[in-house]
1. Could you compute the net charge surrounding ALA159? Neighbours are other residues with a C-beta less than 15 Å from the C-beta of ALA159; K and R count +1, D and E count -1.
2. Taking every DSSP beta bridge that has both residues in the chain, what percent is antiparallel when rounded to the nearest 5?
3. Among TRP169, TRP147, TRP317, which one moves the most in a GNM of the chain with springs linking Cα atoms closer than 10 Å?
4. Treat the chain as a sphere of radius equal to its Kirkwood radius over Cα pairs and apply Stokes-Einstein at 25 °C in a medium of 0.890 mPa s; give the translational diffusion coefficient in µm²/s, rounded to a whole number.
5. Would you please give the FRET efficiency between LYS325 and ILE160, computed as 1/(1 + (r/R0)^6) with r the Cβ-Cβ distance and R0 = 35 Å, to the nearest 0.05?
6. When the Kirkwood radius is taken over all Cα pairs of the stretch 209-262, what Stokes-Einstein diffusion coefficient follows at 25 °C and 0.890 mPa s, in µm²/s?
7. Who wins for biggest fluctuation among THR175, THR266, THR185 in a Gaussian network model of the chain, springs between alpha carbons below 10 Å?
8. Based solely on its DSSP helices, what 222 nm [θ] is calculated for the chain when runs of n ≥ 4 H residues each add -39,500 (n - 2.57) and the sum is averaged over all residues, nearest 500 deg cm²/dmol?
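Every number in this text was worked out from the coordinates using simple rules, so none of it is lab data. This is a predicted model, so every value here is computed, not measured. Backbone-built Cβ (ideal geometry, glycine too); neighbour counts: all protein chains shown.
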Amino acid sequence: MRRRQFVLGGLSAGLGAGALPALARTPAKTAPRAAIPFGAAMRVDLLRDDPDYRRAVLEHCQVLVGEGGLKWFDLRPAADRFVFDHPDRLLAFADAHGMQMRGHTLAWYAGMPKWTEAITTKQAAERALYEHIDTVVGRYKGRIPSWDVVNEAISDNPAIDKPMRSSLWQDLLGTQHIDMAFRRTAAVDPKVQLVLNDFGFENPTGQCRAKRTAFLRLVKELKDRGTPLHAIGLQGHLPGEKEIDREGLSRFVSELHGMELAILVTELDVIDDKLPPDPAIRDEIVASRAQAFLQAIGDVVRPEAVLTWGISDKFTWVPIWFRRKDGLPNRPLPLDANYQPKPLMRVIKAFTGATT
Ligand code: XIL
């Protein structure tokens with residue numbers, strides 16, 4: 001089965017031989033052409049209500065993902081209800097502007113609605129997982145070409161005997177929940193790119209080394225058992241105060257690539273809560289961390305897409321967890337709060353080969 005590539009139809013030539021799009025689509029004239037598709041996590045209501053936000057998205061992005069909308073918390077207000085309004089609207093926007101939409105995410109530890117606490121047996125967990133995948137992936141079959149099937153499955157501090165993060169799925173089904181989710185998604189949409197998404201691999205720390213080791217072990221186990229896994233999503237939430245372990249990250253990516261896995265950068269931003277207050281100094285450090293991160297990957301393989309987790313500092317998740325002690329607004333994203341490009345956007349444009 002040919003590995004699923006996640007590329008815009010009109011760009012596949014730029015990616016060289018063998019890059020067959022999972023869903024060929026010629027980008028609309030509004031989508032600038034780039035060697036590597038760039039995009040961002042988006043908030044559906046802002047696309048409707050904020051013309052500057054919408055304009056920035058149309059100017060810079062060829063691919064998008066819902067920051068919310070396809071998480072259980074948004075999608076599943078009750079056991080017998082699915083609410084598709086937001087993802088439907090985001091997909092309609094993507095279709096109208098020649099963009100590809102990524103799906104995020106089918107199985108995650110977080111963002112689970114309270115009613116799921118009533119799922120307490122292996123049988124109930126399997127039934128819930130399969131019903132969710134059948135319904136959600138089935139609805140967008142052939143229209144969402146790439147899914148983060150499982151998100152953040154590895155523990156923040158993986159131990160040899162306990163590498164996996166606790167979740168409803170892990171706790172009731174064990175690590176096999178990952179294989180189950182990937183196989184079920186592939187069964188529902190045989191053409192979709194199946195992605196395992198995670199973070200925390202980038203720095204020269206014991207924690208990152210342990211996470212890289214645990215993640216590689218998991219991926220090898222999945223590949224050995226024939227799990228239909230096509231790509232790895234490196235989220236890229238980079239701690240701004242920490243250097244990038246270029247050698248360690250390149251070696252990690254090389255091992256993944258050696259297992260026939262494509263690489264996507266799925267949630268890039270630089271967490272600047274511990275960086276100096278001066279915006280110009282901070283922006284340069286943010287850009288340099290992203291540059292080192294992207295280059296460490298690019299030295300091994302061309303990522304099939306680069307997405308940031310948001311497009312403008314005006315709307316970022318970062319202060320939820322990483323508010324600055326000096327109270328200054330965070331500056332983690334490619335555009336500032338007035339939608340003006342920052343050094344980080346220049347780094348991304350240079351890396352992706354964007355011409356605009
Ligand atoms: C975050 C959203 O940005 C927040 O708005 C929400 O409250 C929590 O989730 N890694 C992920 C994303 O994979 O889904 C998370 O998104 C950020 C960390």
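1. Local charge sum for ALA159: +4.
2. Working: 4 of 39 bridges.
If we restrict to bridges inside the chain, about 10 percent are antiparallel.
3. Among TRP169, TRP147, TRP317, the largest mean-square fluctuation in the Gaussian network model of the chain belongs to TRP317.
4. Details: Rh = 20.4 Å.
Roughly 120 µm²/s, to the nearest whole number.
5. Values: r = 36 Å, r/R0 = 1.02.
With a Förster radius of 35 Å, E is 0.45.
6. Values: Rh = 12.2 Å.
Result for D is 202 µm²/s.
7. Checking each option, the largest mean-square fluctuation is seen for THR175.
8. Details: 12 runs with 135 residues, N = 356.
Helix contribution divided over all residues of the chain: -11500 deg cm²/dmol.
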